[in-house]
Amino acid sequence: MKHLLSIADLSADDLHHLLDLAADFSQIQQREIKKVPALRGRTIVLAFFEDSTRTRLSFDLAARRLSADVVNFTAGSSSVKKGESLRDTIETITAMGIDGIVVRHASSGVPNQITQWTDAAVINAGDGWHQHPTQALLDCYTLQQHFGSLEGKQIALCGDIQHSRVARSNVDAFTKLGAQVTLVAPRTLLPASLEGWPVGVETHLDHVLGDLDVLYVLRIQRERMGDSLLPTVREYRTQFGLTPERATRLRPDAVIMHPGPMIRGVEIDPEVTEDRRSLVLDQVTNGVPVRMAVLFNSLGPGQFTPVDGGVSEQ
Ligand code: NCD
């Protein structure tokens, strides 16, 4: 598979294949020398038209640990500022001879569109409200590492579902791997139609708290909201925030996740981020081997052989 645009393009088998590959790369991250020659001679451009910390850094590290050459493109300091179009920008980058483009953009559908303008592999690092497939993969990986399997797990995604590409990707990936997903949000932060979403819906976090294996907390994405969809942040915290008191009502064997950036004191209280049940830093750690797996899957020449860290042609 050349491009990674959406979880919708992946079957459960594809997901398992990528997670297995990520497990191989994760073992390499335990070694003193973390670099393998698998993508030597390949060039990857990180084209971020929207801000990012975790996703960008972990793609950068992932590409370097596979020995690829990495070029960073930041819209804010490029000719996009002078008015150059997206198409011209992509055709310019492609003309320099590259193998992969990792793209993040504020508009949904941009990664799909870009596949028409380049012969490089396109990896979606987040497009508008639409998809963030590598986030979903690293979250599945993290849950599989913790629980062994997602089969039958009760997962609630809580918060700003409407503006969340993480929610759209994760619902699809979690359910394909056998989990039961419930969306928990005020009505104003749920999509207008949930037709086709294989989920339950709940407007009170307190109603589901004690039943969950996983509470996945989402950020309130103010930059994506037009009119104010929330009465006040304080009101939101009262009804949906993961406070220490609510954390005590989560089961002892439940886990807490968040894609970052966390806005402490809004969707999650500072004390709870220290809770022993939080997997937030595991999510960040796993971002690197999962993105290595995705890059290798799109750009690698054959099968990965963990023993010598090289590749065998198939
Ligand atoms: C998310 C994103 O950008 O979609 N962050 C991330 O990639 N880890 C979620 C968010 O911004 O709230």
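The values are calculated or read from the model by the stated rules, or taken from the named source; none is laboratory data. Source: prediction; values computed, not measured. Cβ placement follows ideal geometry from the backbone for every residue including glycine, while neighbour counts extend to all protein chains displayed. Surface accessibility is based on the protein's heavy atoms, side chains included, excluding ligands, DNA and RNA. Shrake-Rupley method; radii C 1.70, N 1.55, O 1.52, S 1.80 Å.
Kindly indicate whether any position in segment 14-24 is within 24 Å of W129 (Cβ to Cβ), away from the ligand (no atom under 16 Å from the Cβ) and touching a residue at least 24 places away in the same chain (Cβ under 8 Å). So that I can check it myself, show each step before the final result.
First, the residues of segment 14-24 that are within 24 Å of W129 (Cβ to Cβ): 14-15, 18.
Those left that are additionally away from the ligand (no atom under 16 Å from the Cβ): 14-15, 18.
After this cut, where a residue has to be touching a residue at least 24 places away in the same chain (Cβ under 8 Å) as well, the list is 15, 18.
Yes.
Being surrounded by 16 or more Cβ atoms within 10 Å (Cβ to Cβ) and either modelled with pLDDT under 95 or of a type outside the set (A, V, I, L, M, F, W, C) (or both) is the filter here, so list the residues in segment 94-107 that pass it.
T94, D99, G100, R104, H105
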**OP:** Starting from residues that are buried (at least 16 other Cβ atoms within 10 Å of the Cβ) and farther than 25 Å from D269 by Cβ, keep the ones in segment 175-207 and report whichever is nearest to the ligand (Cβ to nearest atom).
**Re:** P191
Subject >> Counted residues, segment 237-295 - those being assigned to a helix (DSSP H, G or I) and of a type in the set (A, V, I, L, M) >> reply: 11
Subject >> Failed criterion for E91 (all others in (1) modelled with pLDDT of 95 or more; (2) in a helix (DSSP H, G or I); (3) out of contact with any helix residue (DSSP H, G or I) (no Cβ under 7 Å at 6 or more places or on another chain); (4) closer than 27 Å to M225 by Cβ hold) >> reply: (4)
Subject >> Options L57, L4; residue that is under 21 Å from T285 (Cβ atoms), open to solvent by 70 Å² or more (accessible area, probe 1.4 Å) and not small (G, A, S) >> reply: L57
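Filter segment 13-39 down to residues that are of a type outside the set (D, E, K, R) and either assigned by TED's automatic domain parsing to the domain that holds T142 or part of a helix (DSSP H, G or I) (or both), then give me how many there are.
12
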**OP:** Tell me which of these L229 doesn't satisfy, since it passes every other one: (1) modelled with pLDDT under 95; (2) within 23 Å of the chain's Cα centre (by Cα); (3) over 25 Å from Y141 (Cβ atoms).
**Re:** (2)
